[in-house]
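Asks: My questions all concern the structure below.
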Amino acid sequence: MRHQFIETYEFQNPLYVANNADRCYHCKDELFDRMALLAKESNFSAIAYGINADDTRDFRPGHRAAREHRVLAPLLDAAMHKDEIRELSRRAGLPTWDRPASACLSSRIPYGIAVTPELLDKIDRAESVLRDLGFRQFRVRAHGELARIELAQDELSRGFDPALSQQMAARIKAVGFAFVTLDLEGYRQGSLNSLLKTR
């Protein structure tokens with residue numbers, strides 16, 4: 001199941017559900033705790049994760065959890081950027097080299113709004129609509145009854161096609177949103193973190 005870890009463990013943690021600015025820390029803290037147990041059972045001497053140099057440009061409270069758990073960050077240690085990682089992956093013949101970035105669904109929910117299984121499922125189904133319509137890089141940010149769609153710059157003009165936009169709106173409303181809007185700025189990593197600067 002796609003969100004098995006969150007559904008099994010995280011909703012038991014009120015600090016995660018509250019969705020304050022340090023939500024990612026509490027999620028990663030739990031994740032690394034459980035990974036440490038698996039590593040011990042499998043006789044692995046270390047755990048690593050995929051943070052890279054580009055990720056340090058955004059607010060990343062989960063990195064604090066990684067440091068506390070002594071999780072290795074080899075891509076960051078090598079000061080590698082996403083475009084370099086993609087190019088090396090392409091040369092190595094990895095089928096995932098051009099896969100769109102995909103952050104956890106909780107990142108689509110503004111801070112202070114509780115993270116619930118129902119809300120994550122609604123966001124997931126809304127993003128499945130965009131995927132079915134052939135979009136590659138996108139986010140559906142949930143603002144109460146409103147779904148704010150961010151599309152990559154090279155896909156944004158397609159999103160404004162009248163027939164396609166009507167189809168998007170109808171199908172996303174069908175999963176439970178009352179209003180659907182396209183963000184004129186398009187997709188950008190961690191767009192909801194911009195709200196932290198005003199608090």
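Values quoted throughout were computed directly from the atomic coordinates according to the rules given, and no laboratory measurement underlies them. Treat the numbers as computed from the prediction; the structure is a model and nothing was measured. All Cβ positions, glycine included, derive from the backbone under ideal geometry; neighbour counts span all protein chains shown.
Asks: Please compute the net charge surrounding ARG57, taking Lys and Arg as +1 and Asp and Glu as -1 over other residues with Cβ under 12 Å from its Cβ.
Replies: 0
Asks: Give the longest segment of the chain that steers clear of GluC sites (Glu not before Pro) in DSSP loops with at most 16 neighbouring Cβ atoms within 10 Å, not counting the sites themselves.
Replies: Here the longest run is 1-144.
Asks: In whole Hz, with x marking every Gly and Pro, tabulate ³J(HN,Hα) for region 50-60 from phi via Karplus 6.51 cos²θ - 1.76 cosθ + 1.60, θ = phi - 60°.
Replies: For region 50-60, the Karplus-derived couplings read x, 4, 10, 4, 5, 5, 6, 7, 10, 6, 10 Hz, x marking Gly and Pro.
Asks: Can you compute the charge dipole magnitude of region 105-198 about its Cα centre, using +1 on each Lys and Arg Cβ and -1 on each Asp and Glu Cβ, nothing else charged? Give it in debye, rounded to the nearest 20.
Replies: 100 debye
Asks: Return the calculated 222 nm mean residue ellipticity for the chain, to the nearest 500 deg cm²/dmol, obtained by summing -39500 (n - 2.57) across DSSP H runs with n ≥ 4 and dividing by the residue count.
Replies: Here the helix-only value at 222 nm equals -12500 deg cm²/dmol.
Asks: I would also like to ask the following. Obtain the nm distance between the two label points defined at LEU192 and ALA92 by a simple spin-label model: each point lies 7 Å from its Cα along the Cα-to-C-beta direction.
Replies: 3.1 nm
Asks: Which option, [x] 128; [y] 146; [z] 163, is the value of volume of the Cα convex hull per residue in Å³ that was calculated from these coordinates?
Replies: [y]
Asks: Additional query: Name the trypsin sites (Lys or Arg not before Pro) in region 49-136 that are in a loop by DSSP and that have at most 11 other C-beta atoms within 10 Å, would you?
Replies: Counting only loop positions with at most 11 other Cβ atoms within 10 Å, the trypsin sites (Lys or Arg not before Pro) in region 49-136 are ARG70.
Asks: So which chymotrypsin sites (Phe, Trp or Tyr not before Pro) in region 114-199 are both in a DSSP loop and have at most 13 other Cβ atoms within 10 Å of their Cβ?
Replies: Those satisfying the criteria are PHE160.
Asks: In addition: Antiparallel versus total DSSP beta bridges in the chain: what percent is that, nearest 5?
Replies: Here the antiparallel bridges make up roughly 55 percent for the chain.
Asks: Here's a follow-up. Magnitude of the Cβ-charge dipole of region 4-91, K/R +1 and D/E -1, about the Cα centre, nearest 20 debye?
Replies: Taking the Cα centre of region 4-91 as origin, the dipole is about 180 debye.
Asks: A follow-up question, please. Taking the simple approach of a point 7 Å from Cα along Cα-to-Cβ for both ASP124 and ALA79, what is their distance in nm?
Replies: Inter-label distance under the simple model: 4.0 nm.
Asks: Say the dipole of region 105-198 comes from +1 at the beta carbon of Lys and Arg and -1 at that of Asp and Glu; which of LEU130, VAL115, ALA147 then lies farthest toward its positive end?
Replies: Toward the positive end, the furthest listed residue is VAL115.
Asks: Okay, moving on. Of the residues LEU146, LEU184, LEU88, which exhibits the maximal mean-square fluctuation in a Gaussian network model of the chain defined by a 10 Å Cα contact cut-off?
Replies: LEU88
Asks: Something else: Using 0.36 nm per residue, how much length does the chain from GLU145 to ARG158 gain when fully extended, once their Cα-Cα distance is taken away?
Replies: 2.3 nm
Asks: Would you please classify the overall shape of region 4-91 from the alpha carbon gyration tensor, given that a ≥ b ≥ c denote the square roots of the eigenvalues, rounded means a/c under 1.5, and beyond that prolate means a/b larger than b/c while oblate covers the rest?
Replies: It comes out oblate by the Cα gyration axes.
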